[in-house]
1. Among the residues of region 464-485, is any of a type in the set (A, V, I, L, M, F, W, C), surrounded by 24 or more Cβ atoms within 10 Å (Cβ to Cβ) and under 19 Å from Ser15 (Cα atoms)?
2. Kindly establish whether Ser720 is at pLDDT 80 or above, open to solvent by 10 Å² or more (accessible area, probe 1.4 Å) and of a type outside the set (Phe, Trp, Tyr).
3. Please verify whether region 289-309 includes one or more residues that are out of contact with any Asp or Glu (no Cβ under 9 Å at 6 or more places or on another chain), open to solvent by 10 Å² or more (accessible area, probe 1.4 Å), at pLDDT 85 or above and not in a helix (DSSP H, G or I).
4. Collect the residues in region 522-542 that are under 18 Å from Ala425 (Cβ atoms), open to solvent by 60 Å² or more (accessible area, probe 1.4 Å) and at pLDDT 80 or above, keeping them in residue-number order.
5. Looking at region 325-373 only, could you name the residues that are hydrophobic (A, V, I, L, M, F, W, C), touching a Lys or Arg at 6+ places or on another chain (Cβ under 8 Å), part of a loop (DSSP other than H, G, I, E, B) and at pLDDT below 50?
6. Please verify whether region 528-547 includes one or more residues that are under 30 Å from Ala28 (Cβ atoms) and in contact (Cβ under 8 Å) with a residue 24 or more places away in the chain.
Amino acid sequence: MKVPRLKIADPGLASLKSAARAAIVMPAMFALADQVIKQPQTAVFAAFGSFAMLVLVDFGGPPLTRFTAYLSLAVTGVVLIVVGTLCSENAWLATGAMAVVGFAILFSGVINGYFTAGATAAILLFVLPVAVPAPASAIPWRLAGFGLAAGAGICAVMLLWPPRRRSTLQADAARACPALADLADAAFSADQQATEALIAAARKAVDKVVSRFQAVPHQPTGPTRARAAFAGLADEFRWLLESLVAVTGPAGAELCREENGETLAAAAAVLRATGARLAGQGGVPDTSRLEQALDATVLALTQRISELPPDADSAALDSTLGRSFRSRAISYSTRQIASYALVATGAPPLPDTEPAVGRLAIGHLPLVRPAADAATGGADALVAVRQFAAEHASARSVWFRNAIRGAAGLAVAVFIAQKSDLQHAFWVVLGTLSVLRSNALGTGRSILSALAGTAVGILIGAAILIPLGDHQTVLWALLPVGVLIAAYAPRAVSFAAGQAAFTVVVLILFNIIQPVGWKVGLIRIEDVGIGFAVSLGVGLVFWPRGAARLLRENIAAAYSRAADYFAAAAEDLTGGQAGDPGRAGDIAVAAVHQLDDSFRQYLAERSAKRVDPQSAGSIVAGAGRVLRAAQSMAALDRMAEHDGNPVPNGTAGLDTTGLDTTGLARTTALTGSAAAAGPAAEGATGGSRSPVWSGAARCGMSIDREIEALRSWYVTLGDSIVNGTAVPRAQPPDPDGRRQVLQCVRDAIVSGEESELRGALLVLWATHHLDTLRHLETHLGEQVAAATGRGEAVNG
């Protein structure tokens, strides 16, 4: 018979080192408070404060960033202890304060990754003082205990086994850059076998970066801007790979073959320099060659479009112009990768990578202009905080739902602790905090694990305490061992094992303060049982199904809002009544952000493991792709407004041809009023539009019906996902509209007018985006229909 082996997951012994720090510091601070200061309040806060600082939080990043994060948590803890103590003697006041503070702490995670990482520790530092009534005169003793814990804890995490820099994601990104560079160099190669091998190698490298980034549901630790930059890198690698694949192989006649080749060669050079930067072996990538190649390509394209035959059909136009469009997209994507890499390694982004109005946001986090002074940067950061908080201040946000659910559970638990005559009633609140999950099923499972673990811990504690009696020396000797196991078990073994070990520590701790024997374990299981019941009740009342239903709703909202944005930007280019593309863009970006978060939580919920994440990820990623096409369409508006001259680097959107729709799309968003800086803004000020825009409007009016049909299809797709109705059929392009566009292009070629030619070029690019999204319709229809038929993903 095989004996089951204990499975321990602790790569690099990081969890063991963290637990060892806690095993050294916590007993030492508790001993100092209990044996020297001899004040029970100080002893309790020294013990639990150490647990909060050393076990419940583990900030990552460079040393200075980690020190700042721990120091900020310590300062926050002082405020929370003072406020909690002042509210503790009135049950209603304590309950209300817990609701407000709990919501604020949990919801703040949407703004900053460090807030997410420190949320549980911060909540504990408020729960302990607010759930244990004490007069204001107890505040100095409580702060003394926490001061000991915070001071010793910060010294320990900074000096004792400091974590090695986790370079797996950065190293993977560094390896992906040269793989993509090799593919760019060989894009025009006639050796198809060698090219296929390079494509396979690049795809493997990019997939590794994407899967590594997606492995953590909310990226809870690490420098905020750097983490956001890695999110941008993971997404941008995928876009660039598919764009490179689309231009590989020999091509027929094209207008700018030499310029396109130089653009790809320059992109390869930037990618190699970026890889060296990520590997810690290079400086700031030089993008001047790439920028010159890009400008040369755009200039040559607009000059040579008149060389096209007047009777060119759609296939001929795509053959001669398609690679130039994609090369231009590749150049922008490459430059953005270099900028993200700089931010990920602690440097400012490349200059002039942002639109003249608004800011470029990666993930949820803004990249403030490096040229801005401190005051302006602070103002921009404050605006960004307000923006992201406003995005998630609705029931469609998992952050908002989790904050409401957590605040309600903690508030009810505090009220029960205040009103009951239970001994150590604050365990009720700790029990609620430990098992509350994002759905009722997850909460129920964690309750069963916690009850089993607590029961086992009581049995182990009884086995220790009954033969020992009141031998304090032995209890002091066992305390560090118990803390070591309690800190190590939940990370490396299981949640139940952690609960068992923590129960043993509690029994030892309280028998040192006041010997009461093993029966204090029965008090604990009674208290935590009430807390578990509170969690289950709150989980059943507040969105019991977790993210399953919310994910479907957010998919529908993201597709609808992104399609609205695309239609608004396209109609603005063609002279239609588009409204405000900038406002539509803001709404679309917020919808895709909410979708991203709900998808990450959906995958993190245990009930979601029966679903193929690739199937759901393909559907979710499609919304980001529609948004990206809309951003690129908005960039065409700005190109028209620049009177035919190339817009500053980084302000145009990226091509979306041939992009993979699998995986999670964390979009690179043009936020603020960037889109409105084009025609809408010009019209608002009474200015006149450029001749280029006039040419674009004349040719673009022919595709108005296609734009509206496309918008309608994506809105209907979202409705079908929410309501379980039939998936809409992909709509074929409007042949009459395409014929009119081609005729307009021919007329522009015949006229020889530069503004007319450039306007026609913009419309050709617009139809290129339309075709891309039309192809996406077929793919998404198949994905949704397949997922619905299996009862997975969208119908979970």
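1. Step one: filter region 464-485 for residues of a type in the set (A, V, I, L, M, F, W, C), giving 464-466, 468, 474-479, 481, 483-485.
Then drop every residue that is not surrounded by 24 or more Cβ atoms within 10 Å (Cβ to Cβ), which leaves 465, 483.
With the extra rule that they be under 19 Å from Ser15 (Cα atoms), the set shrinks to 483.
Yes.
2. no
3. Scanning region 289-309, I find no residue that is out of contact with any Asp or Glu (no Cβ under 9 Å at 6 or more places or on another chain), open to solvent by 10 Å² or more (accessible area, probe 1.4 Å), at pLDDT 85 or above and not in a helix (DSSP H, G or I), so the answer is no.
4. Of everything in region 522-542, just one residue is under 18 Å from Ala425 (Cβ atoms), open to solvent by 60 Å² or more (accessible area, probe 1.4 Å) and at pLDDT 80 or above, namely Ala533.
5. Selection gives Val368 alone.
6. Let us first name the residues in region 528-547 that are under 30 Å from Ala28 (Cβ atoms), namely 528, 531.
With in contact (Cβ under 8 Å) with a residue 24 or more places away in the chain added as a condition, the list becomes 528, 531.
Within region 528-547, one or more residues are under 30 Å from Ala28 (Cβ atoms) and in contact (Cβ under 8 Å) with a residue 24 or more places away in the chain.
The values are calculated or read from the model by the stated rules, or taken from the named source; none is laboratory data. Keep in mind it's a predicted model, so treat the numbers as computed, not measured. Here Cβ is always computed from backbone atoms with ideal geometry, including for glycine, and neighbour counts include all displayed protein chains. Surface accessibility is based on the protein's heavy atoms, side chains included, excluding ligands, DNA and RNA. Shrake-Rupley method; radii C 1.70, N 1.55, O 1.52, S 1.80 Å.
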